[in-house]
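Structure first, commentary second.
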């Protein structure tokens, strides 16, 4: 080593520079080859096994159209009470190409004694004996039908919805209808200690079992559902005399529908 250093000192300045450059290039080449090999291997792995894209879960109106086309306006509760009519609303769930398992969640206040039922549905070509119609409020600009196409859905099996926070006492104590608990896990998640909501304003939470995508039509990425809203005749047959007559311009309830990935 001393001999090498001695020879290096005896070199002219220009020769020293050439030696340093040569050693530096050698070091870069030695380090560069392993790094290049790592990058090349990583690239090959990426091309052989692409990262799987996360699935999508999306709530939409009928015909998989934007949710702004789903509305609960203009529900005639007077006609429901007097004539036993019902209102139907169509919505859809996008599960993506990986068919994500999910749960439907329904929450509603209980001011009006209404009954909410959700059914599976299939989009069909024409109106039938067991179909409901859907027409978008905001038609697609490319829709060839002026005012928007009307779509039809055949009602299928009922979706079981479990009440997660219903009172356990007799329903007749609460004017014949089920209301939500004013304590417990769901109440504590919704309200602060200082809140004192009216009992019919506390939302009742309902949740379905795990659902795997079932629809096999041309829009196979979407599952269709029909929400049926009707007067609760069973409640009306109980202690219903305390209920004031339904008025369309007076009564108000809030309804939420959501979907969540089923992790269990």
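Annotations for the structure displayed:
- Members of region 109-145 found to be under 17 Å from residue 61 (Cα atoms), in contact (Cβ under 8 Å) with a residue 24 or more places away in the chain and exposed (fewer than 13 other Cβ atoms within 10 Å of the Cβ), listed by number: 138
- Residue check for residue 84: modelled with pLDDT under 90 and out of contact with any strand residue (DSSP E or B) (no Cβ under 8 Å at 6 or more places or on another chain): no
- Of the residues in region 81-93, at least one is in contact (Cβ under 8 Å) with a residue 60 or more places away in the chain and part of a loop (DSSP other than H, G, I, E, B).
- Subset of region 68-80 that is in contact (Cβ under 8 Å) with a residue 12 or more places away in the chain and in a helix (DSSP H, G or I) - its residue that is nearest to residue 233 (Cα to Cα): 80
The values are calculated or read from the model by the stated rules, or taken from the named source; none is laboratory data. Bear in mind the structure is a predicted one, so any value in this text is a computation, not a measurement. When we count neighbours, we look across all protein chains shown, and the Cβ atoms used for this are built from the backbone with ideal geometry, even at glycine.
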